[in-house]
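For reference, the structure discussed in these notes is given below.
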Amino acid sequence: MPVISDPAQFNEEELYVDLRAALGLPLYLKCEGFNFAGSVKLKAAAEMVAAAERDGLLRPGSVLIESSSGNLGVALSVIAASRGHRFLCVTDARCNLPTIRLMEALGSHVHVIDEPDAHGGFLGARLAYVSALCAADERYVWLNQYTNAGNWRAHYRTTAPAIARRFPDLDVLFVGAGTTGTLMGCARWFWQWRRRVRVVAVDSVGSVSFGGAPGRRMIPGLGTSVPPPLLDESYVDDVVRVEEPDALRVCRRLAGRGFLFGGSTGTVVSGADQWLARHSGRRHLTAVAIAPDLGDRYLDTVYREGWPADLTEPEAPAALAGLA
């Protein structure tokens, strides 16, 4: 095992789960949750902060600020703590409480948005808050994961080549679509170096990323209520949309076999299952999906019996719905 002095120096890149035994599904799941931030977002966080430091944007007295539904906030909290930066995460009422507590334990401040924007949902409200704060106080440095090229470049440099090394005969890659940083980084790499590999984006029903109708969504991490600026659909071969109950069923089936993953993973695996069923004639496909995180932060949501039907919050109108 390595000896490290910076938490960003460790990330388990080579772990895959063969889902044939657990789900009867011919799919390899790349596990991105084994690092000190607990998710794939550590890669993007490290890339974006390093670029801001190189460009002189982070100076003495600067405060990092970012909008996040959870995982990037934790990753930036880890990076900020290790490098001596202050960090404010702007999240919303649907962020898991353990995630908020984790960010605070790492020394970050967390602002929770309670009301969605009338047109942009919770994401729109978060972005408006961040923009207003930056306009009012020049100390704040917004990395803006939604437009920052470092978000996708991190995966172009690391995630995609790692998958290609392990699976040189890869046929299809399934990637969840949130900010689309992971999706775009992987899709661009395979388009350039292994063009025969099909890249399939997996989105949540209720997300507008690929032109779908907006709707209420409860699982954070995938989908968005605002079209993602990083997305270039010309690199994407296919799109699968997944209903949240299907994602929850996959998560709980995997947990029943000892694999505890987050809701995003349940969405991606459910989407891969749908796509592979439609292409069952190609029996010898080599398929990989990316699991963004593990499930321990979702015990009160994804893995709580009855969730989300027992939530006291009323059903939100479509125009007000959305998480990213």
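The values are calculated or read from the model by the stated rules, or taken from the named source; none is laboratory data. Every value quoted in this text rests on a predicted model; they were computed, and no experiment measured them. Note that each Cβ is placed from the backbone with ideal geometry, even for glycine, and that neighbours are counted across all protein chains shown. We work out accessible area using only protein heavy atoms, side chains counted, and drop any ligands, DNA or RNA first. Shrake-Rupley method; radii C 1.70, N 1.55, O 1.52, S 1.80 Å.
Numbers for the structure displayed
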| read-out | value |
| --- | --- |
| Qualifying residues in region 147-171 (those that are in contact with a Gly (Cβ under 9 Å, 6 or more places away or on another chain) and not in a helix (DSSP H, G or I)) - the one nearest to TYR28 (Cα to Cα) | THR158 |
| Every residue from region 161-220 that is closer than 21 Å to LEU276 by Cβ, of a type outside the set (Phe, Trp, Tyr), under 14 Å from the mean Cα position of the chain (by Cα) and open to solvent by less than 10 Å² (accessible area, probe 1.4 Å) | VAL175, ALA177, LEU183, CYS186, ALA201, VAL202, ASP203, SER204 |
| Verdict on ARG297 being surrounded by 12 or more Cβ atoms within 10 Å (Cβ to Cβ) and at pLDDT 95 or above | no |
| ALA247 being assigned to a strand (DSSP E or B), of a type outside the set (Lys, Arg) and within 16 Å of the chain's Cα centre (by Cα) | no |
| Region 98-156 - residue that is touching a helix residue (DSSP H, G or I) at 6+ places or on another chain (Cβ under 8 Å) and of a type in the set (Phe, Trp, Tyr) and, of those, least open to solvent (accessible area, probe 1.4 Å) | TYR146 |
| Evaluation of GLY262 against (1) at pLDDT below 95; (2) in contact with a Cys (Cβ under 9 Å, 6 or more places away or on another chain) (one fails), failing number | (1) |
| Unique match (being of a type in the set (D, E, K, R), in contact with a Gly (Cβ under 9 Å, 6 or more places away or on another chain), at pLDDT 95 or above and open to solvent by 10 Å² or more (accessible area, probe 1.4 Å)) among ARG257, ARG252 | ARG252 |
| Qualifying residue in region 78-89 (condition: among the hydroxyl-bearing types (Ser, Thr, Tyr) and either touching a strand residue (DSSP E or B) at 6+ places or on another chain (Cβ under 8 Å) or open to solvent by less than 40 Å² (accessible area, probe 1.4 Å) (or both)) | no |
| Near pairs, Cβ below 8 angstrom, 6+ apart or cross-chain, from region 4-22 (among the hydroxyl-bearing types (Ser, Thr, Tyr) and at pLDDT 95 or above) to any residue that is surrounded by 13 or more Cβ atoms within 10 Å (Cβ to Cβ) and outside any helix (DSSP H, G or I) | TYR16/TYR28; TYR16/LEU29; TYR16/LYS30; TYR16/CYS31; TYR16/VAL288 |
| Among (1) assigned to a helix (DSSP H, G or I); (2) open to solvent by less than 10 Å² (accessible area, probe 1.4 Å) - the single one ARG20 does not satisfy | (2) |
| Pairs where the first residue, in region 286-305, is under 16 Å from ASP203 (Cα atoms) and among the polar types (S, T, N, Q) and the second is open to solvent by 10 Å² or more (accessible area, probe 1.4 Å) and in a strand (DSSP E or B), C-beta under 9 Å, 6+ apart | none |
| Candidates SER225, SER234 - the one that is open to solvent by 10 Å² or more (accessible area, probe 1.4 Å), without any contact (Cβ under 8 Å) to a residue 24 or more places away in the chain and over 20 Å from LEU29 (Cα atoms) | SER234 |
